[in-house]
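Data block below; observations after.
The values are calculated or read from the model by the stated rules, or taken from the named source; none is laboratory data. Just so we're clear, the structure is a prediction, and the values are computed from it rather than from any experiment. Here Cβ is always computed from backbone atoms with ideal geometry, including for glycine, and neighbour counts include all displayed protein chains. Side chains included, ligands, DNA and RNA excluded: accessible areas come from the protein's heavy atoms. Shrake-Rupley method; radii C 1.70, N 1.55, O 1.52, S 1.80 Å.
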Amino acid sequence: MGATNYAVLGGLQLHRPPKGDAIPMPSSISPATDLQGTLPVADMIQPLSSRSLFWKARHLQQDDAVLHIPFLFWLVETCRPAILVDLGLGSSVSYFAYCQASERTACSTQCFGLHTGEKDGAGIPDAVRVQSEEYYEDVSSLVDGPAAADPARFRDGSVDLMHIDLNAGDAPISEVDHWLGKLSERAVIVLHGTKDVTDNAMRRALVQSLCTDRQSMRFDHGKGLTAILYGPKQQERLKRLAELDLGDPGHSEVRQVFTRLGRAHAFEQRVRDADEVEQGLLKQLRDAETRLDEIKSENEQTRTALEEAKSAYEERTRVIGELQARLFDKEQERAAENFVEAKKQIEALEKDRKTANAERDEAKKETQRWKEAAKAAEARAATANTKLSQETQAREKLEQAHAALSDRLSEAETTIAHQKQENEADAASRQRALDDIKAQLDKARADVSEAQELRFFETAALTRMAEDSHQKLEAIRADLTARQTVRDALNGAEIERFRAGLSDRALRQAYARSGMPDLKTQIKALHDAAEFDGTWYQTTYPDVSASEHDPAEHYLRFGAREGRNPGPAFDTMSYYLANPDVARAGWNALVHFQLFGRDEGRALTPSVSSRNTP
């Protein structure tokens, strides 16, 4: 029992004669002789005169918990808990022992059996429910399913006694932490199956955590049972029992009391089982004797009937012999008459048979013709249905393609109009710049005329300024022309692809003719390019976000032709001006640079000479 053992229970008045509902006490226990003369021990064990130790258990079955029924009776009588919880309801023997003790002590205890169903995978057995309702309707409440694992139905600090069967599976053990807050200050936890928990880490950890720094009482008979004084305010009787260590006066006697009283319950259970078996065998014997008498009576009746049947059979045999003789004579007479008639009937039947065979053959041929015609009709119907389905699908696809192309046409017209407006605005801006340069040139020439009297080197300097201005003007004109050529080439290529896009097949052919990959491949190339920045593109051109287009797809379809840049590190028009063949081919600038231009070493900006060569 270790450092926490049995006290408070000694001093049994075992010489009391057993009552009708009490079990007999083994005569070998004699506290008067074992403990006499030790006043502190006698005072400590006086409460063992409690009647509960000798109550006769109402519910017994083959279960290890039977060995601990006397202690459970005594514990309920001593603690008188207000609320008792059997977590897991592993053994109905323990639970009904608590219920019986609660009923006998009349202490208003409410017992709750919470069944998780882990051990047997089913609900509360019907037999357990019937016993609960029949004997303990006022004190017992059985809870099944998810509600059994929910402690929220109990107030904090309301549970005075909690029983856990460690052999009922791990589910109740895993729920213990949720229940500790529900235990009262005088709570006691009873763990059944604590004799050997070394093979299960979860059970071993639970026993260690609950017993650490707390008094407990351990009984090792059977599978073992440990009662832990969990709350700080405990009954004095429980505390004194828990303080009784191995070797203290009364320790062995208390162990013997509970062990032998428990074995008495187990012995009574085996006697009950033997009585039930004996009664069953006696009933089977009586049933067999009754059946034997019935069989004997049936045999006598059968023998009588057999004799009567034998006499009737002999009479019947005689009558049949006479009738057979007379029948033979008659048959001989009628045989000659029937032979001629039978021959005629046979000939007629043979004729009918031939006729029926001919009709049957003709019917088979007709049936075969109908089957072949039906198969041909079914084949024609199946072909017609297939064609109709294909035509319907083709018509639906054409209607969808027509609607999509109509939308694309409207979008392309809008884009071209917008592009045209931008081109016109850009041309007007370039023209204004050209006019400003002309004005500056005229002003410079006027200044030259006014300054003819200046020195020769000043005249030469002004001449160079005029020539530089003229070169800048020509460069701007060439740049405008080149940009317009690029825009025209891009718009022409886009319109050609749009017209070819009246069908997916024609669009793919148009891309193939221009040497371009499909739309999906081009969009992937944009996403792979380090120069493409979708966030920058949407921020720089807010109308892209409003159009709900993907930035890469918008730049591919519209942005490049509109002169927009895919990111701060790439100038679309500069790449087209530096590589006019890309614009004429209708390639997207960044797509071409990502797929080919980078590897070919293409220039990102045009040189001075290329600006003058559209």
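Observations on the structure shown:
- All conditions in (1) under 19 Å from Q419 (Cα atoms); (2) open to solvent by 30 Å² or more (accessible area, probe 1.4 Å); (3) among the acidic types (D, E) hold for D550, with the sole exception of (1).
- Residues in the stretch 132-159 that are aliphatic (A, V, I, L, M) and either open to solvent by less than 60 Å² (accessible area, probe 1.4 Å) or under 23 Å from A101 (Cα atoms) (or both): V139, L142, V143, A147, A148, A149, V159.
- Any hit, the stretch 111-119, residues being of a type in the set (K, R) and under 40 Å from the mean Cα position of the chain (by Cα): yes
- Of the residues making up the stretch 557-602, those that are open to solvent by 20 Å² or more (accessible area, probe 1.4 Å), more than 27 Å from E411 (Cβ to Cβ) and among the hydrophobic types (A, V, I, L, M, F, W, C) number 3.
- The set of residues in the stretch 283-311 that are more than 60 Å from the chain's Cα centre (by Cα) and open to solvent by less than 60 Å² (accessible area, probe 1.4 Å) comprises S297, A305, A309.
- Here G586 fulfils each of the conditions (1) assigned to a loop (DSSP other than H, G, I, E, B); (2) more than 19 Å from Q419 (Cβ to Cβ); (3) touching a helix residue (DSSP H, G or I) at 6+ places or on another chain (Cβ under 8 Å) apart from (2).
- Residue check for L246: of a type in the set (A, V, I, L, M), under 22 Å from H68 (Cα atoms) and open to solvent by 90 Å² or more (accessible area, probe 1.4 Å): yes
- In the set (1) over 36 Å from the mean Cα position of the chain (by Cα); (2) open to solvent by 40 Å² or more (accessible area, probe 1.4 Å), C79 fails one condition alone, (2).
- Some residue of the stretch 218-241 being open to solvent by less than 60 Å² (accessible area, probe 1.4 Å), more than 22 Å from W55 (Cβ to Cβ) and acidic (D, E): yes
- Of all residues in the stretch 187-224 being touching a helix residue (DSSP H, G or I) at 6+ places or on another chain (Cβ under 8 Å) and of a type in the set (K, R), the one that is nearest to R260 (Cα to Cα): K223
- Per this entry, K397 is not counted among residues that are at pLDDT 75 or above, surrounded by 10 or more Cβ atoms within 10 Å (Cβ to Cβ) and over 60 Å from the mean Cα position of the chain (by Cα).
- Number of the condition not met by G90 [criteria: (1) among the small types (G, A, S); (2) under 20 Å from V66 (Cα atoms); (3) at pLDDT 85 or above; (4) open to solvent by 10 Å² or more (accessible area, probe 1.4 Å)]: (3)
- For L48, the criteria (1) touching a Lys or Arg at 6+ places or on another chain (Cβ under 9 Å); (2) modelled with pLDDT under 80 hold in every case but one, which is (1).
- E315 vs. criteria of a type outside the set (A, V, I, L, M), open to solvent by 100 Å² or more (accessible area, probe 1.4 Å), assigned to a helix (DSSP H, G or I) and without any contact (Cβ under 8 Å) to a residue 60 or more places away in the chain: no
- From the options I346, I320, residue that is assigned to a helix (DSSP H, G or I), open to solvent by less than 100 Å² (accessible area, probe 1.4 Å) and more than 30 Å from D63 (Cα to Cα): I320
- Of the strands (runs of 3 or more DSSP E) lying entirely inside the stretch 141-243, those containing at least 3 residues that are at pLDDT 90 or above and not aromatic (F, W, Y) span 159-165, 183-192, 225-229.
- Screening Q62 against (1) open to solvent by 10 Å² or more (accessible area, probe 1.4 Å); (2) assigned to a helix (DSSP H, G or I); (3) polar (S, T, N, Q) leaves a single unmet condition, (2).
- Yes/no for T259 being at pLDDT 80 or above, hydroxyl-bearing (S, T, Y), surrounded by 10 or more Cβ atoms within 10 Å (Cβ to Cβ) and closer than 30 Å to H59 by Cα: yes
- Residue within the stretch 272-282 that is open to solvent by less than 100 Å² (accessible area, probe 1.4 Å), touching a residue at least 24 places away in the same chain (Cβ under 8 Å) and within 30 Å of K56 (Cα to Cα) present: yes
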